[in-house]
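Inspection log for the structure reproduced underneath, given as structure tokens.
Values in this text are rule-based calculations from the coordinates and carry no lab data. Only a predicted model underlies this, so the values are computations on that prediction, with no experimental measurement involved. Every residue, glycine among them, receives a Cβ derived from its backbone with ideal geometry; neighbour counts consider all protein chains shown.
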Amino acid sequence: MTVPMFPIVLDLTSVPMFVVGGGEGAAARVADLVGHGAAPVVWFDPTSRSAAGAIQAVTRLPVSEDFETYLPRLVFIGDDLIDQAMPIAAMARAAGAFVHVHDHKASCDFHLPARLRRGRLLLTVSTDGAVAGLSRLLRDHLADHVIDTDWAARVEELAARRADWKVSGVRAGELFKAIAHFVRACGWLPPPRSA
């Protein structure tokens, strides 16, 4: 039975995290996290190939004392460590962290959706971890045919108008109607399909 996942958007600037593993997958994960503003990232790379950059690099696998010291909230374990993943995941969970084991759905507390970002507009596509490749295909279709780069400026324009509407006294219940009317008037979305 598949458990439906609950999507959230998380501010990573103050969430301690571990990335465990070496190789390109772990390096890409660290780069992605740092690119999203994650500051407290400790990268445990037993291959000693990591470049510290904006994170702390440790050239061994984590031990229980590391979890007690850093108190990570998220732990990403790379696919190069699948044989050691379960003991590391157990230590992480005992410390209160959520765990993601690359490409091992049954061992994950959370999944990562395919993401499409246009400025402050963020769209995500997920199959609850069932078919990550399909999520990426759908994201790419949206990027190529539906949500072009103009949407970054559109979000900023609409955010400014929303702020003005609020100042002028438009109440919360009416804001959605004002936004919808503005978007339709600009022709930013196709008309709804007829039933």
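Look at T149 and say whether it is out of contact with any His (no Cβ under 8 Å at 6 or more places or on another chain), surrounded by 13 or more Cβ atoms within 10 Å (Cβ to Cβ), of a type in the set (S, T, Y) and free of Cβ contacts under 8 Å to residues at least 60 places away in the same chain. Before the answer, list the steps.
Details: out of contact with any His (no Cβ under 8 Å at 6 or more places or on another chain): yes; surrounded by 13 or more Cβ atoms within 10 Å (Cβ to Cβ): no; of a type in the set (S, T, Y): yes; free of Cβ contacts under 8 Å to residues at least 60 places away in the same chain: yes.
Taking the combined requirement at face value, the residue does not satisfy it.
Quick check on region 92-101. Is at least one of its residues among the aliphatic types (A, V, I, L, M), surrounded by 14 or more Cβ atoms within 10 Å (Cβ to Cβ), part of a loop (DSSP other than H, G, I, E, B) and under 14 Å from the mean Cα position of the chain (by Cα)?
If we filter region 92-101 for residues that are among the aliphatic types (A, V, I, L, M), which is where we start, we get 92, 94-95, 97, 99, 101.
Next cut, surrounded by 14 or more Cβ atoms within 10 Å (Cβ to Cβ) only: 92, 95, 97, 99, 101.
Applying the additional criterion that residues be part of a loop (DSSP other than H, G, I, E, B) yields 95, 97.
Add one more test, that the residue is under 14 Å from the mean Cα position of the chain (by Cα), and what stays is none.
No, region 92-101 contains no residue that is among the aliphatic types (A, V, I, L, M), surrounded by 14 or more Cβ atoms within 10 Å (Cβ to Cβ), part of a loop (DSSP other than H, G, I, E, B) and under 14 Å from the mean Cα position of the chain (by Cα).
Residues in region 169-187 that are closer than 19 Å to D148 by Cβ and either surrounded by 13 or more Cβ atoms within 10 Å (Cβ to Cβ) or of a type in the set (S, T, Y) (or both): F182, V183. Evaluate the following for D80: is it touching a helix residue (DSSP H, G or I) at 6+ places or on another chain (Cβ under 7 Å), touching a residue at least 12 places away in the same chain (Cβ under 8 Å) and not in a loop (DSSP other than H, G, I, E, B)? Spelling it out, D80 is indeed touching a helix residue (DSSP H, G or I) at 6+ places or on another chain (Cβ under 7 Å), touching a residue at least 12 places away in the same chain (Cβ under 8 Å) and not in a loop (DSSP other than H, G, I, E, B). Restricting region 1-31 to residues that are touching a Pro at 6+ places or on another chain (Cβ under 9 Å) and under 18 Å from G96 (Cα atoms), the residue that is surrounded by the most Cβ atoms within 10 Å (Cβ to Cβ) is V20.
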